[in-house]
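Shown next, in structure tokens, is the structure this report addresses.
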Amino acid sequence: MFFYRNTPPVPLTQPKRILVVRFGGVGDVVQGMPLLVSLRTRFPQTEIAWLVDDKTAAMLHGHWALDRLIIVRQGWTKSWPEIRLLRKRLQAFAPDATIDMQGRLKSSFAAWISGARHRIGFGGTEGREGSRWLNNHRIVPTSEHVVERNLELLRPFGVHGGSIDFDLPECEMDRRNARNLLCRAGLAGDFTMINVGADWTSKRWREDRFAAVAKYLLDQWNLPSLIVWNGAEEHKSAETVVSQADGAAYLSPPMTLTELASVSRLATLCISSESGPLQIAAAAGTRCVGLYGPMAAQQFGPFGPSNRSVQVRFPGPGRSRLHRTSTEWMDAIPVSLVCETCDEILQEILQPDLLPMTKPGDSPQRTAA
């Protein structure tokens, strides 16, 4: 029968195997890493696996808190043979409990076919689609930021509070490639990493504005910028930023996600709209300025008190076509506001060669996350 018998939400004290389920984008996976670290700290002897799709699996390779990666192809739910194969793989792992950080039908269905008795997921308004039917330990989160919300899924295990660590993995080859890349670009000292891309049109900031910020950082802080990108469309945008920055910006070569993580570790500052590279930089410990339009900065901004999120207008929750295509919310962010935010961070960590002679003008209210 498709529906299950609801299991009372009793604490899990000594699970032998736990399956974490989180598909989605790079940023979603990165923001789930603190849950993995907390889980490993609480259960050092438990075998922990993470079910992820092939697009983002590279970010989890080599993570010290993870015993096993179970990787599926994107679109696996459209193929019955792949569903049966995944069910066989998950039941061979035989988890005592699953943790569904995504709350979608796809993720909760994967947890259900694993055969785990305890299936933990979000409840209330966070329990979307099939999650409210297929997960039998439903947690209603009270925190605002998605990283802290994810950690609330550990309540049934008796985990409450504690430090929040990402422990982003890094291999020696990526570290070496990152240093060679920066050497070839002539970036031997402090630099800013600027990411021009985002998955939605409505999350993207204009190229001329990124170029203006790059020029400001070089003029006022002697801080050149490395423009990173992914894919042909973003490559074109990155070239436009470099051409308009009048020598203040350098174009990055193609990089893997893990190489990008190593480059971000070496950056003094990261500037980006809501995207995977922004979350990678924040997890790597780089100071970040996130630019937010249709997504709530307080919930999805780069995590940590040392980071800043700039948001002038927010349309409210929703997933309409307008949320994905309209640029009005990002267009509302002026260059002066981003420069002011960079100044706030850089004054804490750098001594400028030349202090700004003029301050950017009055600007709309900024929200920080």
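The values are calculated or read from the model by the stated rules, or taken from the named source; none is laboratory data. The shown structure was predicted, so the numbers you read here are calculated from the model rather than taken from an experiment. Neighbour counts run over all protein chains shown; Cβ positions are idealised from the backbone, glycine included. The accessibility values were calculated without ligands, DNA or RNA, using every heavy atom of the protein model including side chains. Shrake-Rupley method; radii C 1.70, N 1.55, O 1.52, S 1.80 Å.
Summed over the residues of the stretch 97-189 and divided among them, the accessible surface reaches 45 Å² per residue at a probe radius of 1.4 Å.
What aspartates and glutamates does residue 16 reach when the alpha-carbon gap must be under 17 Å and sequence neighbours fewer than 8 apart in one chain are set aside? Hits, sequence-local ones excluded: 47, 67, 96. Over the residues of the chain, the helix contribution to mean residue ellipticity at 222 nm works out to -10500 deg cm²/dmol, using -39500 (n - 2.57) for each DSSP H run of at least 4.
The stretch 87-124 and the stretch 171-215 have Cα centres separated by 37 Å. Enclosing the Cα atoms of the stretch 248-345 in their convex hull gives a volume equal to 121 cubic angstrom per residue. Per-residue packing, averaged as other Cβ atoms within 10 Å, sorts the ranges 243-253, 61-71, 29-39 into the order 29-39, 243-253, 61-71, beginning with the highest.
Which parts of the stretch 185-208 would a label at residue 327 reach, counting a residue when its backbone N lies under 15 Å from a point 7 Å out along Cα-to-Cβ? The answer is 196-208, whose backbone nitrogens lie closer than 15 Å to the label point. Over the chain, the ratio between the Cα radius of gyration and 2.2 N^0.38 Å evaluates to 1.03.
Does the stretch 38-161 classify as rounded, prolate or oblate by the C-alpha gyration tensor (a ≥ b ≥ c root eigenvalues; a/c under 1.5 gives rounded; else a/b over b/c gives prolate, otherwise oblate)? The shape class here is oblate. Amide H contacts of residue 24 (H built 1.01 Å from N, in plane; Pro and chain starts excluded): 53 sit under 5 Å, all sequence-distant by 5 or more or on other chains. The convex hull defined by the C-alpha atoms of the stretch 37-106 has an orientation-averaged projected area of 5.2 nm².
Sorting check: for 223-233, 287-297, which peptide has the highest mean count of neighbouring beta carbons within 10 Å, and how do the rest follow?
Packing order, densest peptide first, comes out as 287-297, 223-233.
Counting only Cα atoms, the size of the stretch 216-289 along its three principal axes is 30, 30, 19 Å, in decreasing order. Within the accessible area of the chain, the carbon and sulfur atoms contribute 51%, probe 1.4 Å, all protein chains present. Computed from label points 7 Å out along Cα-Cβ, the spacing between residue 179 and residue 55 is 3.4 nm. The ellipsoid that matches the Cα gyration tensor of the stretch 170-293 has semi-axes, each √(5λ) in whole angstrom, of 19, 17, 14, with the longest given first.
Would you mind getting me the FRET efficiency between residue 142 and residue 246? Use the beta-carbon distance for r and R0 = 56 Å, nearest 0.05.
For residue 142 and residue 246, the calculated efficiency is 0.70.
Summing charges over neighbours of residue 281, with a neighbour being any other residue whose Cβ is under 10 Å away from its Cβ, gives +2 when K and R count +1 and D and E count -1. Taking a sphere under 14 Å around the Cβ of residue 270 and counting the other residues whose Cβ falls inside, with K and R at +1 and D and E at -1, yields a net charge of +1.
Packing, as the average of other Cβ atoms within 10 Å across residues, places the peptides 107-113, 271-277 in the order 271-277, 107-113, highest first. For residue 203, the aspartates and glutamates whose Cα falls under 20 Å of its own Cα, not counting residues fewer than eight places away in the same chain, are 28, 233, 234, 239, 274, 328, 331.
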